[in-house]
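One structure is given here, and the rest of the page talks about it.
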Amino acid sequence: MFEINDKTNAPARDHGTDILVRLQARFGALESHRQRQDLLRIEVGQDQLLPVLSWLKGDTPYVQLTHLTAVDWIEEDRFELIYLVTAPALFMTLMISISIDRVSATAESVFNLWLQAETYEQEINEMFGIDFPGSPRQGVPFILEGWDDMPPMRRDFDTVEYCKRTHPERPGRDHTDPRTYVGKKFGEKGYLT
Amino acid sequence: MSRTEHLKSLGYDVMPNAGTEVDPREVQLWFGPQHPGITGNMSVQVWLEGDTIKRGITHVGYLHRGFEKLMERRKFIQSFPVVCRICVAEPDTNEYLLAQSLEELSGMDKDVPEKAQWIRTLVMEMSRLQATLMVLGGSVGTMGMGTAPNWTYTLRDFVLDSFEELTGGRVYHMYTTYGGVRRDLPTGFALRLEETLKKIDERLPYLDDLIFHNEVFRMRSIGVGVVPVEWADEIGITGPPLRAMGIARDVRRDYPYLKYPELDFKVCTGEGSDIYARAWVRRQEISESVSIIRQILEKMPHEGPYSAKLPNMLTWTIPRGSTYVRAEASRGEMGYMMVTDGSDKIRRVHVRGPSYTNAITVLERMLPGTNIADLSALMVSLQTCPPEIER
């Protein structure tokens, strides 16, 4: 009833250059970096994102969205969105990256291309405050129900300050900060003299 | 827009207020977060008509501990006790992926000794074996049959004994580290592990009788919980749910890592894409894992270092870069998106677990029409793992 496939030899993995050439012929010069034999990083403009991803999904074997995440480059005043698009038949993954303005923080949704993007976009919306207009679950809490502070994965969110504010120490409680404890026990230098 | 408003706009009757018209035939039920049939700390809100689910929504958030944020504030070496907790049942995949991603970005991956790579492969396969044993028993246990999970959990505990001997911990190991592993195999470890493998081999025919020749299990699993093949690429399904569709994809073979290219193993597939097929794929994978572990014990070198010379971990910096590394966990493709910025801390890490799609996108779309009694079995067969969704 069931078939067990034998191990087969994987095809030659030189598809990165091919797809880059095709992408550049269609969308102009693109910055790229070959991270590994099976992983090619490509930077595209924000307005090129949907055309590039639509073309990849529709006209090439890069049919699967493996991953979507954001990086906060606060010192450069931008967010980076990284889309991992995989061609299962070629054993090759493209890391498509775009930069978006940190203040307006809006990007186009790819939900219409891949259904599971709604969850990724929902999480990024909650954790980074990036909007994806048209994505079905924008503004709906994913993990942080009842959260009323700034999106916590932003670099300027101070976790220590947040904890001190929301979980203040009870009065009369012994201080358990290791530095204070060690100081009390071993003297100011922090070790036995 | 609040969650309630949003769900109402989609047509759901969420927490209906007095005066709101509600279909009198409909019952709203929270399945979890505290329910023996739920897989971990999550819940599924379902709307029932009789015992048939009309629609449902997955709710997560009970287990969020902010691991990714924590790792941004820690030195690289301090992240190991964090990542293993991303998946309780199978922590070693996380340890390997953290180590591998940072080794790749720092250029240390070329220095990992041969023996360390073999030991890592051994640990990864032992981890897959014990997790698959647990899930195979769980598939039947959710249907009210307790004997099979008792057996498989016992066998899993024998594997955990080996983990305890090797790493000092039964569940969380923190054994894989940058440049290799923390310690060498103890003397006689291979012999004792072989004893466990023999026990598993001996018990498997009985498990076949108990599970796959069991008429109750067959009736409740064949043709139930069928995941359409079209969803494979559309939703990005991986692991046993994908292979149960008959699609032979496996990260170990397709994106070779560690010593898997030097090992002979089959990618097990099934037919029908139902609960039975997924259980059967896992049953075959247990045999394959046992075979792979035996090959590793036979082929691995007994001499040589088990770790590279490491830089000072308190001052170690990694150049700016980004990568994505993947490995085949028992549930499917597990991946780490890692970004570094030249400092002594991780800039951004995002964990891609197979449950991210399986427990939300796939499960929610499969719920309409499912019988409430099959919900637990469906979730276990998709192997949904909430900690890796929330992190």
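The values are calculated or read from the model by the stated rules, or taken from the named source; none is laboratory data. Remember, predicted model here, so these are calculated numbers, not experimental data. In this analysis, Cβ positions are derived from the backbone assuming ideal geometry, glycine residues included, and neighbour counts consider all displayed protein chains. With ligands, DNA and RNA removed, areas are computed over all heavy atoms of the protein, side chains included. Shrake-Rupley method; radii C 1.70, N 1.55, O 1.52, S 1.80 Å.
Where a ≥ b ≥ c are the square roots of the eigenvalues of the C-alpha gyration tensor, would you call region A:56-193 rounded, which needs a/c under 1.5, or, failing that, prolate if a/b is larger than b/c, or oblate?
Taking the square roots of the gyration eigenvalues as a ≥ b ≥ c, region A:56-193 is prolate.
Pull up all non-local amide H partners of B:Q28: gap of 5 or more, or a different chain, and H-to-H distance under 5 Å with H placed in the peptide plane.
The answer is B:L48.
I want to verify a result. In a Gaussian network model of chain B, Cα cutoff 10 Å, which of these has the top mean-square fluctuation: B:L207, B:L166, B:L310?
Between B:L207, B:L166, B:L310, it is B:L310 that shows the largest mean-square fluctuation.
For peptide B:226-238, compute the average count of partner chain beta-carbon atoms within 10 Å of each residue's beta-carbon.
Average per residue, whole number: 4.
Could you pull out every one of the lysines with an alpha carbon less than 26 Å from that of B:K299, ignoring same-chain neighbours closer than 8 positions?
A:K7, B:K110, B:K115, B:K198, B:K199, B:K259, B:K266, B:K309
Per residue of A:63-72, how many C-beta atoms from partner chains lie within 10 Å of its own C-beta, taken as a mean?
Details: counts 4, 7, 5, 9, 11, 3, 9, 2, 8, 3.
Mean inter-chain Cβ contacts per residue within 10 Å come to 6.
Mind checking how much accessible area A and B bury in total, 1.4 Å probe, in Å² rounded to 100?
Details: alone 12700 and 16370 Å², together 23670 Å².
Protein heavy atoms only, the A-B interface buries about 5400 Å².
Given the options A:V85, A:V63, A:V103, state which has the largest fluctuation in a GNM of chain A using a 10 Å cut-off (strictly under) for Cα springs.
Maximum among the listed residues: A:V103.
Carbon-plus-sulfur fraction of the accessible area of chain B, 1.4 Å probe, in percent?
Details: 7240 of 13710 Å².
After summing per-atom areas, the C and S share lands at 53 percent.
Among A:I124, A:W55, A:V21, which residue has its Cα furthest toward the positive end of the charge dipole of region A:15-170, with +1 on Lys/Arg Cβ and -1 on Asp/Glu Cβ?
A:V21
Please list 3J(HN,Hα) in residue order for region A:29-46, calculated via the Karplus relation 6.51 cos²θ - 1.76 cosθ + 1.60 where θ = phi - 60°; whole Hz, with x for glycine and proline.
Coupling constants for region A:29-46: 5, 10, 6, 9, 8, 8, 6, 9, 4, 9, 9, 10, 9, 10, 9, 10, x, 4 Hz.
Provide the packing ranking of B:139-148, B:235-244, i.e. peptides ordered by the mean count of other C-beta atoms within 10 Å per residue, highest first.
Details: B:139-148: 19.5, B:235-244: 27.8.
The most tightly packed comes first, giving B:235-244, B:139-148.
Picking from B:T39, B:T370, B:T187, which is most flexible by a Gaussian network model of chain B using Cα springs under 10 Å?
Top of the fluctuation ranking is B:T187.
Whole number in Å², please: accessible area per residue of the protein assembly as shown, 1.4 Å probe, ligands, DNA and RNA not counted.
41
Note down the nm distance, to one decimal, between modelled labels 7 Å out along Cα→Cβ at B:E298 and at A:Q46.
Roughly 5.9 nm, to one decimal.
Compute accessible area for region A:76-102 by itself and then with all protein chains, 1.4 Å probe, and report residues whose area falls by 50 Å² or more.
So the qualifying set is A:F91.
Report relative contact order for region A:15-170 in percent, whole number only (criteria: Cα-Cα under 8 Å, sequence separation at least 6).
Here the relative contact order equals 17 percent.
Please give the calculated 222 nm ellipticity per residue for chain B, where each DSSP H segment of at least 4 residues contributes -39500 (n - 2.57) and the sum is spread over every residue; nearest 500 deg cm²/dmol?
-12500 deg cm²/dmol
Would you mind computing, in nm to one decimal, how far apart the modelled labels at A:L20 and B:V171 are, each placed 7 Å from Cα along Cα→Cβ?
4.6
With θ set to phi - 60° and the Karplus curve 6.51 cos²θ - 1.76 cosθ + 1.60, what are the ³J(HN,Hα) couplings of region B:216-231 in order, to the nearest whole Hz, using x for Gly and Pro?
5, 4, 4, 5, 8, 10, 6, x, 9, x, 7, 8, x, 4, 4, 6
Hey, got the average number of other protein chain Cβ atoms within 10 angstrom for residues in A:25-36?
Per residue, the number of nearby Cβ atoms from other chains is 1 on average.
What ratio of Cα Rg to 2.2 N^0.38 Å holds for chain B? Don't skip to the answer; put the middle values down first.
Numbers: Rg = 21.8 Å, N = 391, 2.2 N^0.38 = 21.3 Å.
Expressed relative to 2.2 N^0.38 Å, the Cα Rg reads 1.03.
Please state the shape class of the protein assembly as shown: rounded when a/c is under 1.5, otherwise prolate if a/b exceeds b/c and oblate if not, all from the C-alpha gyration tensor.
The shape class here is rounded.
Suppose R0 equals 51 Å; then what is the FRET efficiency for A:D156 and B:V229 from their Cβ-Cβ distance, rounded to the nearest 0.05?
Once the sixth-power term is evaluated, E becomes 0.65.
At 7 Å along the Cα-to-beta-carbon direction for both B:R365 and B:V27, put a label point, then send me their distance in nm to one decimal.
Taking the two extended label points, one gets 2.9 nm.
Defining a contact as two alpha carbons under 8 Å apart and six or more residues distant in sequence, what relative contact order in percent does region B:77-311 show?
After rounding, I find 28 percent.
For the pair A:R165 and B:K110, what calculated FRET efficiency results from E = 1/(1 + (r/R0)^6), where r is the Cβ-Cβ distance and R0 = 56 Å, to the nearest 0.05?
0.75
Provide the FRET efficiency to the nearest 0.05 for the B:R73-B:D51 pair, computing r from the beta carbons and using R0 = 45 Å.
0.40
Leaving out ligands, DNA and RNA, what percent of the accessible area of region A:15-170 is carbon and sulfur, probe 1.4 Å? Before the final figure, lay out the partial values.
Numbers: 3270 of 6410 Å².
Of the solvent-accessible surface of region A:15-170, carbon and sulfur hold 51 percent.
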